[in-house]
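**Q** Quick one: this structure, given as structure tokens, is what I'll be asking you about.
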Amino acid sequence: MAGRVEGKIALVTGAGSGLGRASAMHLAEEGANVIASDLNEATAAETAAMINAERQGAAISARHDATSEEDWNAVLELAQSTFGGLSVLVNNAGISIGGDIESTDFAEWKKLQEIDVDSVFWGCKLALPYMRDSGGGSIINISSTVGILGNPLTLGYGTAKAAVRSMTKSIALHCARHKYNIRCNSVHPTFIKTPLLDRFTEAVGDEEEAYKTLAELIPLGEILEPRDATYGIIYLASDESRLMTGSEFVIDGGLTCGYMPPV
């Protein structure tokens, strides 16, 4: 039985760990050829090796600073020369820095916007010609529930993810207007068990207690496993979502629904 993204060529940024690695592996499992890119060349290579252990030749890796125009051009050329084009882009690379308006350092603010917003700008801008030449495709920008809801303790991160949310809609309309056959959607997961949560769990001092604290904020009572989010990414990458563009794909256990009072 053919996979849900059989024959597609997918580039996943930040694929060396966490949601990026899980996305790259799930896309390959469903039939895509994958370029796993990451600033950490060694972990990107590990992801590709894990994929190739199951489907030999299905993945390659690349060192990729997602804030660099030069690196973007190089990795897109690699996709073209190795697999013949690009049909799926998952803009996943990013960092999280906490802080409110009074405690946030401006240098950290700038760094966060560069990594979480500028990287998405470069990816979308530079990937469009490759996707057009491949007959169209799907851009999937990883945002967050804090890109929808305010949070006083994640000022910079929330601002960046809200920017990604808005950018996604503008790109979706641009592609539709020019009939590029390229869709662009954002994914908004809540807390996921990935290294991005490490700072919080380290602050609490007990991983199990930290996860329990976060789960209590979610109506369905669980934080996400990476696979919970990657199923959404598979759907958006596949032709099943052919008429979805500019959408916010929220995977949050009900967190953004509103306040759920105690019994």
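Rule-based calculations on the coordinates, nothing more; no lab input. As the structure is a computational prediction, the values presented were derived from the model and not from experiment. Positions of Cβ are backbone-derived with ideal geometry, glycine not excepted, and every protein chain shown enters the neighbour counts.
**Q** In nm, what is the difference between 0.36 nm times the number of residues separating residue 70 and residue 200 and their Cα-Cα distance?
**A** Numbers: separation 130, 0.36 × 130 = 46.80 nm, distance 3.36 nm.
This chain segment gains 43.4 nm when fully extended.
**Q** By counting other Cβ atoms within 10 Å of each Cβ, how are 65, 252 ranked from fewest to most? Write down the numbers at each step before the final one.
**A** Numbers: 65 19, 252 23.
Least crowded to most crowded, the residues run 65, 252.
**Q** Working from the alpha-carbon coordinates of the stretch 24-133, get Rg over Rh, Rh being the Kirkwood radius.
**A** Details: Rg = 15.5 Å, Rh = 15.0 Å.
With Rg and the Kirkwood Rh in hand, the quotient comes to 1.04.
**Q** Then there's this: Between residue 63 and residue 240, what is the spin-label point distance in nm, taking each point 7 Å from the Cα along the Cα→C-beta axis?
**A** It is 3.8 nm.
**Q** At 0.36 nm per residue, and after removing the present C-alpha to C-alpha distance, how many nm does the segment from residue 49 to residue 118 gain when stretched out fully? It would help to have the intermediate numbers written out before the result.
**A** Numbers: separation 69, 0.36 × 69 = 24.84 nm, distance 2.88 nm.
Computed gain between residue 49 and residue 118 is 22.0 nm.
**Q** Quick check for me: using +1 on Lys/Arg Cβ and -1 on Asp/Glu Cβ, what's the dipole size of the stretch 127-263 about its Cα centre, in debye to the nearest 20?
**A** Numbers: 12 positive and 15 negative charges, 207 e Å.
With Lys and Arg at +1 and Asp and Glu at -1, about 1000 debye.
**Q** Assuming R0 = 30 Å, can you tell me the calculated FRET efficiency for the pair residue 181 and residue 109, based on Cβ-Cβ distance, to the nearest 0.05? Could you put the intermediate results ahead of the total?
**A** Working: r = 37 Å, r/R0 = 1.23.
That pair, residue 181 with residue 109, gives E of 0.20.
**Q** At a 10 Å Cβ-Cβ cut-off, how would you order 83, 121, fewest neighbours first?
**A** Numbers: 83 23, 121 16.
Ordered by Cβ neighbours within 10 Å, fewest first: 121, 83.
**Q** Can I ask one more? Extending each Cα 7 Å along its Cβ direction at residue 257 and residue 82, get the distance between those two points in nm, one decimal.
**A** The two pseudo-label positions are separated by 4.2 nm.
**Q** Next up: As I understand it, the value is the acute angle between the Cα axis of helix 41-54 and the longest principal axis of the Cα atoms of the chain; what does it come to in degrees, rounded to 10?
**A** 70 degrees
**Q** Please tell me the relative contact order of the stretch 9-252 in percent, rounded to the nearest whole number, where contacts are Cα pairs under 8 Å and at least six residues apart.
**A** Values: 491 pairs, mean separation 44.8, N = 244.
About 18 percent, as a whole number.
**Q** Do any GluC sites (Glu not before Pro) in the stretch 47-122 lie in a loop, going by DSSP, with at most 11 other beta-carbon atoms within 10 Å of their beta carbon, and if so which? Don't skip to the end; give the middle numbers.
**A** Details: sites: 54, 69, 70, 77, 102, 108, 114; in loops: 102.
Sparse-neighbourhood loop GluC sites (Glu not before Pro): 102.
**Q** Filter the trypsin sites (Lys or Arg not before Pro) in the stretch 1-75 to those in DSSP coil with at most 15 other Cβ atoms within 10 Å of their Cβ, and list the result. Kindly include the intermediate steps, with their values, before the conclusion.
**A** Values: sites: 4, 8, 21, 55, 63; in loops: 4, 8, 55.
For trypsin sites (Lys or Arg not before Pro) across the stretch 1-75 that sit outside H, G, I, E and B with at most 15 neighbouring Cβ atoms in 10 Å, the list reads 55.
**Q** Could you check the spin-label model distance between residue 151 and residue 217? Points 7 Å from the Cα along Cα→Cβ, value in nm.
**A** So the two model labels end up 0.4 nm from each other.
**Q** Among 221, 87, 16, whose Cα sits farthest toward the positive end of the charge dipole of the stretch 9-252 (+1 at Cβ of Lys/Arg, -1 at Cβ of Asp/Glu, about the Cα centre)?
**A** 87
**Q** For the chain, with only Lys/Arg (+1) and Asp/Glu (-1) charged at the beta-carbon, what is the dipole magnitude about the Cα centre, in debye rounded to 20? Can you show the working numbers first?
**A** Working: 20 positive and 34 negative charges, 248 e Å.
Dipole about the Cα centre, nearest 20: 1200 debye.
**Q** Follow-up. Toward the positive end of the charge dipole of the chain, about the Cα centre and with charges on Cβ (Lys, Arg +1; Asp, Glu -1), which of 255, 96, 166 goes farthest?
**A** Projecting each Cα onto the dipole axis, the largest value belongs to 166.
**Q** Among 40, 141, 91, which one shows the biggest mean-square fluctuation in a GNM of the chain, springs joining Cα atoms closer than 10 Å?
**A** 40
**Q** Kindly count the pairs of lysines across the chain whose alpha carbons are less than 22 Å apart, treating pairs on different chains or eight or more residues apart as eligible.
**A** Close lysine pairs found across the chain: 13.
**Q** Work out, in µm²/s and without decimals, the Stokes-Einstein translational diffusion coefficient of the chain at 10 °C, 1.306 mPa s, Rh from Kirkwood over C-alpha pairs. Working shown, then result.
**A** Details: Rh = 18.5 Å.
Diffusion coefficient, whole number: 86 µm²/s.
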